[in-house]
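Written below as structure tokens is the structure these notes are about.
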Amino acid sequence: MGRLIVIVLVLCAGWFVYNEYGYRYYLSNVRNNIDQNMVMGPANAEMKIVAYVDYDSSASRRLYPVLLNLLSSTSNVSVAIRPIATNNQLSNLMTRVALLAKKKNQFIDVNNAFLTSNINVDENYIKAALRMIGWNFNAIQNELNDPSISSELEQLQREAKMLNIQSLPVFYIDHVRMQGSAYTVSEIRTIMADLKSGRR
């Protein structure tokens, strides 16, 4: 019984240490290996934000304009978008479309089309959004089932699991985790200033 308690305590301690510090190493690797097609802002930005979003999420669509405003009003910052497909058909479809767009160097175009609307998203909206960037939804059906897209979709889900992301959106300013969409550009800038000064 005593040995079991020790094992449980060691596992708990390990999980605590990972949550406090280990995830920073994992996140650093993620940040350094993100495809530049998924990044808005300068590739060599001093402050690199990583944002995990669900295209079929009103909260993610509320956060996105804040990140765009931050980019347009703040120098030397970049935002990398990491789309996560949740357990519904629409989210899965939109994420596949975005990953296909990444292969075609149009990820940001599709990302903007999906995340800048406040209306309820459905398949008709997806078709209309793609027409705006010159895509025919019916013409890309076979490409959406490409094994490489399925593999990347699964890798992104594993990534979210490793970071213990249970609801979206989540974004990271360096190692500081921000949950949800209720933030202003001013609040984000304050955190960035704290990180630069070493207060966080």
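The set of residues in segment 150-189 being β-branched (Val, Ile, Thr) and either exposed (fewer than 12 other Cβ atoms within 10 Å of the Cβ) or touching a Cys at 6+ places or on another chain (Cβ under 6 Å) (or both) consists of THR184 alone. Pairs meeting the criteria (first residue in segment 176-200 and free of Cβ contacts under 8 Å to residues at least 40 places away in the same chain, second residue assigned to a helix (DSSP H, G or I) and surrounded by 13 or more Cβ atoms within 10 Å (Cβ to Cβ), beta carbons under 6 Å, at least 6 apart or on different chains) are VAL176/ILE191; ARG200/ASP194.
In the set (1) free of Cβ contacts under 8 Å to residues at least 40 places away in the same chain; (2) out of contact with any Leu (no Cβ under 9 Å at 6 or more places or on another chain); (3) of a type in the set (A, V, I, L, M), VAL110 fails one condition alone, (2).
Residues of segment 106-122 that are surrounded by fewer than 22 Cβ atoms within 10 Å (Cβ to Cβ), of a type in the set (Val, Ile, Thr) and in a helix (DSSP H, G or I): ILE108 alone. Looking across segment 18-47, just one residue is outside any helix (DSSP H, G or I) and in contact with an Asp or Glu (Cβ under 8 Å, 6 or more places away or on another chain), and that is MET47.
With respect to the conditions (1) at pLDDT 90 or above; (2) in a helix (DSSP H, G or I), VAL6 falls short on a single one, namely (1).
Could you tell me whether segment 178-186 includes any residue that is at positive phi and not acidic (Asp, Glu)? Yes: one or more hits.
The values are calculated or read from the model by the stated rules, or taken from the named source; none is laboratory data. From a predicted model like this one, the values you see are computed outputs, not experimental measurements. Methodologically, a virtual Cβ is constructed for each residue, glycine included, from the backbone with ideal geometry; neighbour enumeration extends over all protein chains shown.
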